[in-house]
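Asks: Below is one structure. I have some questions about it.
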Amino acid sequence: MHVFAALKEIRTHLPFPLLGIHSDNGTEFINDELFRYCQQEKLTFTRSRPYRKNDNCYVEQKNYSVVRRAVGYYRYQTDHELRLLNELYSSLRFYTNFFQPIMKLKEKIRCGSRVTKRYDCARTPYQRVLESPDVSSEDKALLKIQYQRLNPVVLKQVFERIQHKIMKHLRAKGEEELKNENIAGQPNDFSYKLNEATNVCFR
């Protein structure tokens, strides 16, 4: 899916109004089409500083904890692979946002060479949205209805079935291509990495 089309689809799934977009400096974001869209929709449009990935630290950390742990490090390029990923993400977003609690850093105290970090109580993104005063009661009510219809066990089964489809597809493409994937500190065999990721994700 094109980035611009994906952004519009994401907007339809958000449980609150979109106020702005903060992107990196890639041309898939920095273009006239997206700029005009933000102007028309009265959205704030900002971008990160070049080579400062920490400007997007809250999103960047999800590259591993959500994306890489689910689909590994292989470079997906074909239309079929895109369809598989979209199929996987359709269940992953429910599993992650409704059933995976996370802790947020509250404070970090440095005493000499020692750093002490304190976190809040682990809560799911769904629970955090319900606690937010910025989300309307109508949107919260819709989320509660959606939550009642979800089953984490079923979501996990769907998720794992799609992962196996991805592994089967990649094996069919040939092991030689997969060996060219050289991830520092990681085994070269993608199947091993994806199995490992699956075990970690649902442990």
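Read the figures in this text as sums done on the coordinates, not as results from a lab. Everything quoted here is computed from the prediction, not taken from an experiment. Methodologically, a virtual Cβ is constructed for each residue, glycine included, from the backbone with ideal geometry; neighbour enumeration extends over all protein chains shown.
Asks: Stretched out fully, how many nm does the piece from Asn86 to Asn151 gain, at 0.36 nm a residue minus the Cα gap? Mind showing how you got there, number by number?
Replies: Details: separation 65, 0.36 × 65 = 23.40 nm, distance 1.98 nm.
Extra length from Asn86 to Asn151 when fully extended: 21.4 nm.
Asks: Any chance you could run the full-extension gain for Ser136 through Lys165? It's 0.36 nm times the residue separation minus the Cα-Cα distance, nm to one decimal.
Replies: Stretched out fully, the Ser136 to Lys165 stretch lengthens by 6.5 nm.
Asks: Quick one: how many lysine pairs does the stretch 22-108 have with C-alpha atoms less than 23 Å apart and a gap of 8 or more or different chains? Give me the count, please.
Replies: 7
Asks: Could you list the trypsin sites (Lys or Arg not before Pro) in the stretch 98-151 that lie in coil according to DSSP, counting only those with at most 14 other Cβ atoms within 10 Å of their Cβ?
Replies: Passing both the DSSP loop test and the Cβ count: Lys104, Arg149.
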